[in-house]
Amino acid sequence: MSATRNITGVALLLFALATSNAFAQGVTLPDFERVELDNGTVILLSQKPDVPLISVSAILRGGAVADPADLNGLASLFASLLEKGAGDRDAAQFAEAVDSVGGQLAASADLENITLSGNFLARDADLAIELLADMLLRPSLDAAELDKLRGRAINFIRAAKDTNLNALLPIYGHAFLFDDHPYGNPVSGSETTLANITHEDVLDFYAQQLGGDRLIISISGNIDTGKIKTKLAATFGDWRGASAALPEVPPAAAQTGRRVLLIDKPGATQTYFWIANIGVARDFEHRAALNLANTVFGGRFTSMLNTELRVKSGLTYGARSQLMRPANPGSVAIVSYTRTDATVEAIDMALGVLGQLRDSGIDDDMIVSAQNYILGQFPTALETAEQLGAQLAALEAYGLGTSYINDYGADIMAADGDTIAAVIEDVYPASEDLVFVLLGDAELMREAAGTYGPMTEMSISEPRFRP
């Protein structure tokens, strides 16, 4: 009986993998309509009538890269402020208007965009557009609400320094890796830069960085495309353009040699480490091969990094590799943590796995396993109206065609060992060209940290992320 169950289980697993692979290779974006208004606003409409819902995803190009150097966090604060009253509604009334129909509507900023996203019943489409228009065309930008948001953001950073070091690690890391390049700016700001932001700065940001020429609106779901298109054109077609040009962000130079940043948190019992260099951009030609390599290296529980640092050695509860891929080359990083007295052992082990990846690549069995893993997850990323609308908006924002999605499954299956080996050599840095960021008790690991390269030291109590 047990053997029969095992055979049946294996057969079901193989069937599931084959089915998911066939499905993923055939995943394509549904038909959608693209309209560009005279003022530059782009409208994307996609019908998905299987459920009585609509999803709204609006992207305004330009995000934290548009923050002045001493005002990092301005775009993030501004986005949060969009939720705190607009049109004739104050913050409480605006929230009630959304909640009263069971809707969701939120705004946030990332490195290169400000995004507004919402979900509503299809019958409330007019209200969704009204609220979106109020947020963009008639935001309250209330000074008192700004004060509250700014204080909350500063307190969140201070609290994270005690309770969520893992979340702060890549912020320190990117600031050190990119230095004064815009990609090194902390999206959410620092204690210092947030404190510098005034109400006048927020008003200037709105005038300079928002406008119809920056706007992409994607609406998916159970919609009447003709009616929605007419309403959006009438609502946003006359919105003035942003008064400032989009920031020009040059590619950052890759790190040559080694540098170390040691962030001192006295009394810490663990060392958090982030080891990185400049990686690739979102439009990287061999994205499929890179994703396969990264899945095997550090992108899943059974990855090379996690297997060595957690499963076999027990040095950590998790080790992973991260790829940040914005419009220009971002970062490629190894991230983990360990007890303080095992810092050198864990870092050396991570570097050893990196060397193994670069020297030996990944074999055919690993490739097949990674293909199955990626293709098993890929279709679920485009199931809902919300996912579809957000994907269409992102493709438009980054100037990527539909082939970015439509050809992805086939590209995953077509990637071979030679292609993946070339990508590994191109993207993953050699051990001698790395930036190390270590966060922990400096007194206990200062000497060891210094063995990895020229070292800069700062205290976690400093109200900034750059040394």
With within 19 Å of residue 212 (Cβ to Cβ), out of contact with any strand residue (DSSP E or B) (no Cβ under 7 Å at 6 or more places or on another chain) and either surrounded by 14 or more Cβ atoms within 10 Å (Cβ to Cβ) or in the same structural domain as residue 329 (by TED's automatic domain parsing) (or both) as the only criterion, which of 107, 133, 160 stands out? 133
Residue in the stretch 114-124 that is assigned by TED's automatic domain parsing to the domain that holds residue 222, closer than 18 Å to residue 235 by Cα, of a type in the set (A, V, I, L, M, F, W, C) and touching a residue at least 24 places away in the same chain (Cβ under 8 Å) present: yes
Would you confirm whether or not the stretch 355-364 contains a residue that is within 15 Å of residue 300 (Cβ to Cβ) and over 25 Å from the mean Cα position of the chain (by Cα)? yes
Matching entry among 76, 57 (being outside any loop (DSSP other than H, G, I, E, B), closer than 30 Å to residue 30 by Cα and among the polar types (S, T, N, Q)): 57
Members of the stretch 163-210 that are surrounded by 18 or more Cβ atoms within 10 Å (Cβ to Cβ) and either assigned to a loop (DSSP other than H, G, I, E, B) or assigned by TED's automatic domain parsing to the domain that holds residue 268 (or both): 181, 185, 186, 187, 188, 189, 190, 197, 210
Restricting attention to helices (runs of 4 or more DSSP H) lying wholly within the stretch 370-422, give those where 3 or more residues are crowded, with 18+ Cβ neighbours inside 10 Å and out of contact with any Gly (no Cβ under 7 Å at 6 or more places or on another chain). 385-397, 408-414
Name every residue in the stretch 31-44 that is in a strand (DSSP E or B) and more than 24 Å from the chain's Cα centre (by Cα), in order of residue number. 33, 34, 35, 36
The correct count of residues that are in contact (Cβ under 8 Å) with a residue 40 or more places away in the chain and part of a helix (DSSP H, G or I) in the stretch 427-467 is 11
Looking only at residues that are polar (S, T, N, Q) and in contact with a Ser or Thr (Cβ under 6 Å, 6 or more places away or on another chain) in the stretch 332-379, which one is nearest to residue 292 (Cα to Cα)? 336
May I ask you to list the residues in the stretch 91-110 that are closer than 26 Å to residue 187 by Cα and outside any helix (DSSP H, G or I)? 104, 105, 106, 107, 108, 109, 110
Determine which member of the set 224, 213 is in the same structural domain as residue 119 (by TED's automatic domain parsing) and surrounded by fewer than 15 Cβ atoms within 10 Å (Cβ to Cβ). 224
Just one of the numbered conditions (1) hydrophobic (A, V, I, L, M, F, W, C); (2) free of Cβ contacts under 8 Å to residues at least 24 places away in the same chain; (3) touching an Asp or Glu at 6+ places or on another chain (Cβ under 8 Å) is not true of residue 105; which one? (2)
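The values are calculated or read from the model by the stated rules, or taken from the named source; none is laboratory data. Quick caveat: nothing in here was measured; it's all calculated off a predicted structure. Virtual Cβ from ideal backbone geometry, glycine too; neighbours counted across all protein chains shown.
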